[in-house]
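The values are calculated or read from the model by the stated rules, or taken from the named source; none is laboratory data. This is a predicted model, so every value here is computed, not measured. Please note: Cβ atoms are built from the backbone with ideal geometry, for glycine as well, and neighbour counts cover all protein chains shown.
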Amino acid sequence: MLGFLQRLLGRGAPLPERSYRFDRPLVLLQSDDWGRIGVRDEEGKEQLRRLGVRLGERPYDYYSLETAADVMAVRDMLKRHRDSTGRHACLVMNFLMANLDFVRMQAKDYNEIVLLPLTHGFPGQWSRPGLFEAYHQGIADRVFHPALHGLTHFCRRGVEESLAGKGEQRDLLRTFWKAETPYIHWRMPWVGHEYCAAGKAGFLSQEEQQSLVRHAAELFRQFFSVQPLTACAPGYRGNADTHAAWAECGVRVAQNGGEAPRPPHLDEYEMLNLYRTVDVEPSERGLEVEKYMELAGACFARGIPAIISVHSINFHSTLKDFRSTTLQALDELLFALEAKYPNLLYVHDADMYEIVTRGKYRSAQGKVAVQARADSSPAQSAWR
């Protein structure tokens, strides 16, 4: 605890990094962008077309927002799967806690960013009946585990600079906002990511990030009635200041992308860092189940968990049916893993933290012991 306080306050020498390997095949599923709006529906798509935006070039032109039916279909798929203890598979869902308030922004002639917290519903003509109830039903069924993604996915400071520029970027933003669409990132990468502006601007200051994380964490607590224990920075763009802000708000697990399999480790904030190792993204590209199995098997051989990444767009069906292909791919993969690894365990981020700190985790099936072998090395955090 002393080491954690020293890191949080910016004092003391770097602590050794403790990496972990495990004696059981562990499978986690992590998913980003829940609660974040895109293109509203076919009417919104047509409105963008009339405003001169031609959609359909890339998958994220069809990014909309999950429906209650989408979410319940994911829940039902996860409930078909059980590990060696009888526990269902569980999806860690990273939520954005606010969207643009287009109605209030229109009243300001789209010259100012105004946010609408997720706790207040969706803006303007956006409608997703039963969606919030579907989130909470999956959580009650223990197949969803909510996590913090942030307040917004874009960098507010960067967008405000574009808005003040009175050029093409400003005009494009206003075009999208008139159709109640915040942005499409591949078309406008200059919107950046929440904690990191695009280009040379780099990461926001410690104070800015701290304020954003505090606000998002409070909205998360209001929406889910719990504090966030795990978080993933939008676009994986986080640094030491991001982790310090998370730690202050009670976050104990940091989710990271990963080009190569890397074992989980406790960093200088005593925060467990997890690295995604298997990308299941049918909206972008499809792979045979054998390839996914090969990637997972390579993780197990090294004693590290197979952490499956699948973004929320893959479950959307409003503008294009990504959901059916994704559910089929995940169904096949999970059944194949269960058949090949009879001692497999489905865990989520909070379980992983319990495993490395206590050697066991608690589920509805009781306490499950997992041996975690630690080794130490000089701290080399992912953001350095």
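Selection of region 29-55 for residues being closer than 30 Å to residue 255 by Cα, assigned to a loop (DSSP other than H, G, I, E, B) and out of contact with any helix residue (DSSP H, G or I) (no Cβ under 7 Å at 6 or more places or on another chain) yields 36, 37, 38, 40. Residue 158 satisfies every condition listed in (1) in a loop (DSSP other than H, G, I, E, B); (2) of a type outside the set (Ser, Thr, Tyr); (3) surrounded by 19 or more Cβ atoms within 10 Å (Cβ to Cβ) except (1). Hey, could you check region 49-79 for residues that are surrounded by fewer than 20 Cβ atoms within 10 Å (Cβ to Cβ) and among the hydrophobic types (A, V, I, L, M, F, W, C) and say which is nearest to residue 133 (Cα to Cα)? My answer is 68. All of 281, 268, 290 fail the test of being without any contact (Cβ under 8 Å) to a residue 24 or more places away in the chain and either closer than 22 Å to residue 23 by Cα or not in a strand (DSSP E or B) (or both), apart from 290. Examine region 182-203 for a residue that is assigned to a helix (DSSP H, G or I), on the phi < 0 side of the Ramachandran plot and of a type in the set (Ser, Thr, Tyr), and state whether such a residue exists. Within region 182-203, none of the residues are assigned to a helix (DSSP H, G or I), on the phi < 0 side of the Ramachandran plot and of a type in the set (Ser, Thr, Tyr). Restricting attention to region 293-326, the residues being without any contact (Cβ under 8 Å) to a residue 40 or more places away in the chain and assigned to a loop (DSSP other than H, G, I, E, B) number 1.
The C-beta contact set for region 217-228 (first residue assigned to a loop (DSSP other than H, G, I, E, B), second residue surrounded by fewer than 18 Cβ atoms within 10 Å (Cβ to Cβ), distance under 6 angstrom, 6+ apart or interchain) comprises 227/221; 227/250. Counting only residues that are over 19 Å from the mean Cα position of the chain (by Cα), surrounded by fewer than 19 Cβ atoms within 10 Å (Cβ to Cβ) and of a type in the set (A, V, I, L, M), region 199-241 holds 1 of them.
When the residues of region 1-46 are filtered to those that are at pLDDT below 95 and hydrophobic (A, V, I, L, M, F, W, C), which remaining residue is surrounded by the most Cβ atoms within 10 Å (Cβ to Cβ)? Step by step, filter region 1-46, then rank; the result is 15. Can residue 93 be described as part of a helix (DSSP H, G or I) and within 26 Å of residue 368 (Cα to Cα)? So residue 93 does not fit the description; no.
Among the criteria (1) modelled with pLDDT of 95 or more; (2) more than 30 Å from residue 348 (Cβ to Cβ), the one residue 165 does not fulfil is (1).
Got at least one residue in region 117-128 being in contact (Cβ under 8 Å) with a residue 40 or more places away in the chain and either of a type in the set (Ser, Thr, Tyr) or in contact with a Cys (Cβ under 9 Å, 6 or more places away or on another chain) (or both)? Taking every residue of region 117-128 in turn, at least one turns out to be in contact (Cβ under 8 Å) with a residue 40 or more places away in the chain and either of a type in the set (Ser, Thr, Tyr) or in contact with a Cys (Cβ under 9 Å, 6 or more places away or on another chain) (or both). Of 149, 120, all but one fail to be farther than 23 Å from residue 48 by Cβ and in contact with a helix residue (DSSP H, G or I) (Cβ under 7 Å, 6 or more places away or on another chain); the exception is 149.
Would you be able to say whether some residue in region 246-261 is more than 25 Å from residue 375 (Cβ to Cβ), buried (at least 18 other Cβ atoms within 10 Å of the Cβ) and of a type outside the set (D, E, K, R)? Yes; the residues of region 246-261 include at least one that is more than 25 Å from residue 375 (Cβ to Cβ), buried (at least 18 other Cβ atoms within 10 Å of the Cβ) and of a type outside the set (D, E, K, R). Close contacts from region 66-89, counting a first residue that is closer than 11 Å to residue 315 by Cα and a second that is of a type in the set (Asp, Glu), with Cβ to Cβ under 6 Å and a gap of 6+ residues or different chains, come to none at all. The single condition from (1) in contact with a helix residue (DSSP H, G or I) (Cβ under 7 Å, 6 or more places away or on another chain); (2) basic (Lys, Arg); (3) in contact (Cβ under 8 Å) with a residue 40 or more places away in the chain that residue 174 fails is (1).
Hey, can you tell me all the residues within region 64-90 that are within 21 Å of residue 343 (Cα to Cα), touching a His at 6+ places or on another chain (Cβ under 9 Å), outside any helix (DSSP H, G or I) and not basic (Lys, Arg)? Hits for region 64-90 are 81, 88, 89, 90. Filtered by the rule that a residue be over 30 Å from residue 165 (Cβ atoms) and either among the polar types (S, T, N, Q) or at pLDDT below 95 (or both), region 93-149 gives 94, 119, 127, 137.
Within region 333-342, the presence of at least one residue that is of a type in the set (D, E, K, R), out of contact with any helix residue (DSSP H, G or I) (no Cβ under 8 Å at 6 or more places or on another chain), modelled with pLDDT of 95 or more and surrounded by fewer than 23 Cβ atoms within 10 Å (Cβ to Cβ) is confirmed.
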